Amino acid sequence: MKMYKLTEDFSSIYKKGARFFVVSDSEFIGVKSYVLLSEDLRGKIEVTDDELKNKFVSIKVKPD
């Protein structure tokens, strides 16, 4: 499962360092978007491919 960490504050809800799981991704007429679920399962956000590249960094999930 892919996991990302926020590199800067996202609105007033999520602070820098918050972790998110990728729930789904989709592409419509060349615009790619992702639905991310917060690690604490408090909420989800939808971001574009550009926002994902600029505001998030991929992190590795340790297997159990």
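The values are calculated or read from the model by the stated rules, or taken from the named source; none is laboratory data. What you see is a predicted model, and the numbers here were worked out from it, not measured in a lab. We place every Cβ from the backbone using ideal geometry, glycine too, and count neighbours over all the protein chains shown. Side chains are part of the model used for accessible areas, which takes the heavy atoms of the whole protein and leaves out ligands, DNA and RNA. Shrake-Rupley method; radii C 1.70, N 1.55, O 1.52, S 1.80 Å.
The residue among 48, 10, 59 whose Cα reaches farthest toward the positive pole of the charge dipole of the chain, with charges on the beta-carbon of Lys, Arg, Asp and Glu, is 59.
Among the listed values (1) 14.5, 46; (2) 12.2, 44; (3) 11.5, 38, the one matching Rg and Dmax of the Cα atoms in Å as calculated from this structure is (3). Residues considered: 39, 27, 51. Largest GNM mean-square fluctuation over the chain, using C-alpha springs under 10 Å, is found at 27. Remark: spin-label model distance residue 59-residue 11 equals 2.2 nm, labels positioned 7 Å along the Cα→Cβ axis. Among 50, 9, the sequence by solvent-accessible area, most first, with a 1.4 Å probe is 50, 9. Couplings for the range 34-41, taken from phi via the Karplus curve 6.51 cos²θ - 1.76 cosθ + 1.60 with θ = phi - 60°, read 10, 10, 10, 10, 5, 4, 8, 6 Hz in order; Gly and Pro are left as x.
Around the amide H of residue 32, modelled in the peptide plane, lie the amide H atoms of 49, all under 5 Å away and 5 or more residues distant in sequence or on another chain. Amide H contacts of residue 9 (H built 1.01 Å from N, in plane; Pro and chain starts excluded): 16 sit under 5 Å, all sequence-distant by 5 or more or on other chains.
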